[in-house]
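The values are calculated or read from the model by the stated rules, or taken from the named source; none is laboratory data. Since we're looking at a predicted model, the values are computed, not measured. Note: ideal-geometry Cβ built from the backbone for every residue, glycine included; neighbour counts use all protein chains shown.
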Amino acid sequence: HKAFALINALDEGQRKQAILTSRVADLVLGPGQDGRVIQPEGLRASTMTPPQQTMLLDLIGEWAGITTEAFAEPRLAELKASLPQTYFAWSGPTTNGSAAYFRIQGPTLVIEYAPQNSVEHIHTIYRDPTNDYGAKFTAK
């Protein structure tokens, strides 16, 4: 799992920043939270090494790349450009395969991954808070 590879690639100081002090059990910005803005938490990508940044971008691509290639390429380019302002936050065990929560949050991105007591039941979101549910394209 790419998220476990990333959290375990961080040094001790970086992990202290990335791992949240409170336990997160479910999506913070999930259903019913439209328009809600939260302060980014965790480790800022600009403080990561280039290989760690590549791992983060690769992890982001797991969500941003699920659309057609025509949409995924410009979206990934946009997310790469804003990577220095993107944060990676973690809650839970760091052993591969554990039920651990993570959030990736940037200027135009929120990804949350929240296992529900086991990795058999996952809640996850991929949103652009500046264009929630394509609002930019449906507004008249």
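Here is a list of conditions, (1) free of Cβ contacts under 8 Å to residues at least 40 places away in the same chain; (2) touching a Leu at 6+ places or on another chain (Cβ under 6 Å), and Pro93 meets all of them except one; can you say which number that is?
(2)
Can you tell me how many residues in region 11-32 are surrounded by 11 or more Cβ atoms within 10 Å (Cβ to Cβ), at pLDDT 95 or above and of a type in the set (D, E, K, R)?
At the first step, the residues of region 11-32 found to be surrounded by 11 or more Cβ atoms within 10 Å (Cβ to Cβ) are 14-20, 24-30.
From the residues that got through so far, the ones that are at pLDDT 95 or above too are 14-20.
From the residues that got through so far, the ones that are of a type in the set (D, E, K, R) too are 15-16.
Total meeting the criteria: 2.
Taking the criterion of being of a type in the set (S, T, N, Q), part of a helix (DSSP H, G or I) and surrounded by 15 or more Cβ atoms within 10 Å (Cβ to Cβ), would at least one residue in region 73-86 satisfy it?
Of the residues in region 73-86, the ones of a type in the set (S, T, N, Q) are 82, 85-86.
Those left that are additionally part of a helix (DSSP H, G or I): 85.
Applying the additional criterion that residues be surrounded by 15 or more Cβ atoms within 10 Å (Cβ to Cβ) yields 85.
Checked against the condition, which is being of a type in the set (S, T, N, Q), part of a helix (DSSP H, G or I) and surrounded by 15 or more Cβ atoms within 10 Å (Cβ to Cβ), region 73-86 yields at least one hit.
I'd like to verify a number: residues in region 87-113 that are touching a helix residue (DSSP H, G or I) at 6+ places or on another chain (Cβ under 9 Å), part of a loop (DSSP other than H, G, I, E, B) and not polar (S, T, N, Q), how many? Even if it seems obvious, please write down each step before you answer.
Start the filter on region 87-113 by keeping residues that are touching a helix residue (DSSP H, G or I) at 6+ places or on another chain (Cβ under 9 Å), which leaves 87-90, 94-98, 100, 102, 104, 106-109, 111, 113.
Those left that are additionally part of a loop (DSSP other than H, G, I, E, B): 94-98, 100, 107-108.
From what is left, the residues that are not polar (S, T, N, Q) are 97, 100, 107.
Final tally of qualifying residues: 3.
Tally up the residues in region 99-118 that are closer than 23 Å to Leu10 by Cα, more than 11 Å from the chain's Cα centre (by Cα) and free of Cβ contacts under 8 Å to residues at least 60 places away in the same chain, please.
The number of residues fulfilling the criteria is 3.
Looking at region 115-132, can you tell me whether even one residue there is surrounded by 12 or more Cβ atoms within 10 Å (Cβ to Cβ) and among the small types (Gly, Ala, Ser)?
The answer is no; no qualifying residue exists.
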